[in-house]
Amino acid sequence: MKCSIFDHRIDLKHTFTIANRSSDWRPNLSVRLEYEGIRGYGLAAPNPRYGETPESCRAALEAMCGQLEGDPRAYEPMIRKMLASHPGEYAAKAALDMAIMDLAGKLLGAPLYRMWGLDPAAMPPTSFTIGIDTPEKVAQRAAEARGFRVLKIKLGSGDDQAIIRAIRTVTDVPVRVDANEGWTDRETALREIEQLAKQGIELVEQPMPAAQVEDMIWLKARSPLPLIADEAFTAVGDLITIGEAYHGVNLKLMKCGGTLIARDAIAMARSLGLKIMLGCMVESALGIAAAAHLGPLADFPDLDGNLLISNDPYSAHPVSDGRIRLLDAPGLGVAPLN
Ligand code: MG
């Protein structure tokens, strides 16, 4: 198996601010595997929160690529062996999982959703994310996002209710709120959520710091809105605790280590009665495509990471009427643009 690794500087269309940081660009890496003359691609968006840097991600990709062997048509044992071959570095593992699945799909002549027995027509609409800004700017972005049927708003700046009121002056679509651990006091969190419930808000993501599990159990018992774990999910084993403290979980390929573990996580989360949000990082359409193939399994796709960037190195599945329309092409169904 021949392996090539590429570095990308992904530029954001707008400076993106959430409760704890701000950025204009993000590093992504892509990996290309070649087997029997066929090329498969996968994307890594390394996450500093989990100690991942572009350098550590590249080193992990090189180490794991060197150990790949066998026929990608038997993708499951190949991916499970790859996942066990290196500690941490889930973004690198996600990239290799995607590249192996892309190869498998091309070798078998089927899109991933077909290999998994999913119906692309069952894709729920994706949310479109707006970062923290002044209420006026957020309302302007909400007005620009008219094609989307659901918005996701980042809160936790202190001006939260003003932001929601401003959005409601321009649109009445369902709005999901992501506090990114912004409320540290449970009484404050409950008060904020009770206010949000009066404004047509659909759900609240990670209202409190992930470590405050007891406070989240308290909050879950009282919240009028579904609460979704994001930062609280770091591995499939976390789902047991998440099942007690939240109503749902935001699963991201970059945190799971790819599509195979994400499918394990979806099955386990469902068995615990959790709702499924399928999320992403700020990342190329290559990574979004892999997650989108799982979209028919999600309640809340949140797969807009490629729509926020201006220099995507890969092609994308189209979005129309706010839904990702998976192309009927083998593997991931997207390709490098040059
Ligand atoms: Mg989040």
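Values quoted throughout were computed directly from the atomic coordinates according to the rules given, and no laboratory measurement underlies them. Not measured: the values here are computed from a predicted model. With ideal geometry, Cβ positions are generated from the backbone for all residues, glycine too; neighbour counts draw on all protein chains shown.
Against the numbered list (1) more than 21 Å from the chain's Cα centre (by Cα); (2) aliphatic (A, V, I, L, M); (3) within 14 Å of the ligand (Cβ to nearest atom), ILE164 comes up short only at (3). Look at the stretch 178-205: where a residue is over 14 Å from LEU155 (Cβ atoms), no partner that is within 16 Å of the ligand (Cβ to nearest atom) and hydroxyl-bearing (Ser, Thr, Tyr) sits 6+ places away or on another chain with Cβ atoms under 9 Å. Quick check, is GLY305 within 16 Å of the ligand (Cβ to nearest atom) and crowded, with 21+ Cβ neighbours inside 10 Å? For GLY305, the condition - within 16 Å of the ligand (Cβ to nearest atom) and crowded, with 21+ Cβ neighbours inside 10 Å - is met.
Counting only helices (runs of 4 or more DSSP H) that sit wholly inside the stretch 1-119, those with at least 3 residues that are under 18 Å from ALA335 (Cα atoms) are 90-108. Within the stretch 240-253, is there a residue that is out of contact with any Gly (no Cβ under 6 Å at 6 or more places or on another chain), closer than 23 Å to MET98 by Cα and more than 13 Å from the ligand (Cβ to nearest atom)? Yes, there is a match, as at least one residue in the stretch 240-253 is out of contact with any Gly (no Cβ under 6 Å at 6 or more places or on another chain), closer than 23 Å to MET98 by Cα and more than 13 Å from the ligand (Cβ to nearest atom). Against the list (1) buried (at least 24 other Cβ atoms within 10 Å of the Cβ); (2) over 19 Å from LEU12 (Cα atoms); (3) in contact with a strand residue (DSSP E or B) (Cβ under 7 Å, 6 or more places away or on another chain), the condition GLY287 fails is (2).
Residues considered: VAL249, VAL204. Of these, the only one that is within 14 Å of the chain's Cα centre (by Cα) and either of a type in the set (A, V, I, L, M) or outside any helix (DSSP H, G or I) (or both) is VAL249.
Among residues of the stretch 55-79 that are loosely packed, with under 13 Cβ neighbours inside 10 Å, those with a beta-carbon under 8 Å from a residue that is outside any helix (DSSP H, G or I) at least six positions away or on a different chain give the pairs GLY66/CYS3; GLN67/SER85; GLU69/MET1; PRO77/GLY70. Among the residues of the stretch 213-225, the one identified as buried (at least 20 other Cβ atoms within 10 Å of the Cβ) and within 16 Å of the ligand (Cβ to nearest atom) is MET216.
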